[in-house]
Structure formats: C-alpha cells, structure tokens
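The values are calculated or read from the model by the stated rules, or taken from the named source; none is laboratory data. Source: prediction; values computed, not measured. Neighbour counts are summed over all protein chains in view; Cβ atoms, including those assigned to glycine, are modelled from backbone coordinates with ideal geometry.
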Amino acid sequence: MLKLPQMTECLLNGERCFLEQPAWQEVMKSVIQEEGSPISDRSEIVLSLLMLKCRIPGFSYEVTKLICVDPSPDVNDIEDLASRLRRHRSNFLNWHSRYQSIISRFPDMSPGSPDYDSHCKVFANYLSCVMITSRLLEAVCAAERPELEGMTQSLISQMFDLELEVHNSPTSLFMAQTLGVAQATKMTADDWKEVKPVIIENQPDTKGLIERWKFERWCKTFGRKMP
C-alpha cells in the first residue's frame, strides 16, 4: 500500500492524482485496519499520510500552471493557492506530531527489525512530502521563501541520515525513490535563496512567483515533465 505508484507517476507526468477525489479518499479510509502494527501499511497513521500525499500532484499541477503556462496570473489566484498550500503543509506537520507519539511506543526499535523498516519507509515518505509541499509554497510566496527554504534543507539532512542507516538493506531500495527529491532540492538550493525575483524590463510583475527557470530546473532535476 505504501508504494501507490499512481501518486509518483502523476507527479512526474504533471497530472492530478485521482486519489485526491473525495470518493477515493473514502475508499482509502475504508481499508484502515485497527489490528496489527500501528505503523503497518494499512494502519490509520500510514493511510492518513497517503491521503495527504495524493494531493501533492494536484498542487504541483496548479503551481506549474501559474508559473509556466499562464502569461499573467491573477494575484487572487496566487494568494488562494498559497493559502491552500500553507494549510496542506500544516496538515503534514500535524501528522508528524501524531506519528512521533506513536513511534515513542517503540523505544527499542532497532535497524533491521520489521518495525524499523516500516518506520524508515513511512518517515521517508513524510520527509519527501514536506519537501515538495514547502518548495511549492516557496514558488508562489517570495516573502516566506527564505525561512521555508532553510527548513527544507534541514529535512534533506534528515533524509540523507536516514538513508545511511538503511544502506545495503532491502529498505534502501525503497529509499532510492524518495532520495531523488531530496537530491534535486539540495542541488538547486542556491537558486532558491534569492528573496526578490528578478523583474525583467518591459515584462509583467511576477507577483512573488519564483522565476520560471528556477522552478523548471528543480522539477527537471528529479525527473518531472514540464509543459
């Protein structure tokens, strides 16, 4: 259940994921199992993360449209999207607080154990989701870009540390899928440090949107198709 390739494929192809639709969200809720490990693939905490994750391709699609397709985006559309991205990022952070409470029940969890492998997969998913959501918010909100980018780079360090812990284990194969986003975000860090977008003479105000070339370079670095 954790893999759900539709989400990754939709993100890389620049498409919305059908799993974000309310009917499919209800389907995902319906397969939650209360029995067994609290961090199993069908546990409430894991499926709630996936329910949040499947909205990311849609947000990515919307951000791409504003930056790369619409020649003169409306400021209200930008502010509305930024507001929804803030809420979505907050939902991930709230999820993490709940997850930490659950993980605290496993003080003796050690590398190589089934519970630890499950934790690595879940936490890697969380880190990549917050990285992408943060970068999407940064892309449409220049004022929040410096602080968010600093937080995002710290998440990358956590991802790399996690990868070292599972190196050469079966879990490392799964981690390879999430490391791509972390590596692309680290490689493009310098591009995203600038607070004020460059305004080209005789061109419309970017309204706080990051420059198209910066956004496209980040997306292409982790393999996403661009319009």
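May I ask you to list the residues in segment 67-102 that are among the hydrophobic types (A, V, I, L, M, F, W, C), more than 21 Å from the chain's Cα centre (by Cα) and under 23 Å from residue 218 (Cα atoms)? Spell out how you get there, then give the answer.
So the first thing to find is which residues in segment 67-102 are among the hydrophobic types (A, V, I, L, M, F, W, C), and the list is 67-69, 75, 78, 81-82, 85, 92-93, 95, 102.
Those still in the list that are more than 21 Å from the chain's Cα centre (by Cα) too: 69, 75, 102.
Across segment 67-102, the qualifying residue is only 69.
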> What are the residues in segment 88-113 that are touching a residue at least 40 places away in the same chain (Cβ under 8 Å) and out of contact with any helix residue (DSSP H, G or I) (no Cβ under 8 Å at 6 or more places or on another chain), if any?
Replying inline: 105, 112
>> I'd like to check something: does segment 79-96 contain any residue that is more than 21 Å from residue 7 (Cβ to Cβ), surrounded by 18 or more Cβ atoms within 10 Å (Cβ to Cβ) and out of contact with any Cys (no Cβ under 8 Å at 6 or more places or on another chain)?
In response: no
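So that you can scan it fast, the table gives a plain yes or no per residue for (1) at pLDDT 95 or above; (2) over 19 Å from residue 218 (Cα atoms); (3) among the small types (Gly, Ala, Ser):
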| residue | (1), (2), (3) |
| --- | --- |
| 115 | no, yes, no |
| 143 | no, yes, yes |
| 161 | no, yes, no |
| 169 | no, yes, yes |
| 176 | no, no, yes |
>> Looking at segment 32-71 only, could you name the residues that are among the aliphatic types (A, V, I, L, M), assigned to a helix (DSSP H, G or I) and farther than 18 Å from residue 124 by Cβ?
In response: 63, 66, 67, 69
> Which of (1) among the acidic types (Asp, Glu); (2) in a helix (DSSP H, G or I); (3) more than 15 Å from the chain's Cα centre (by Cα) does residue 9 not meet, given it meets every other one?
Replying inline: (3)
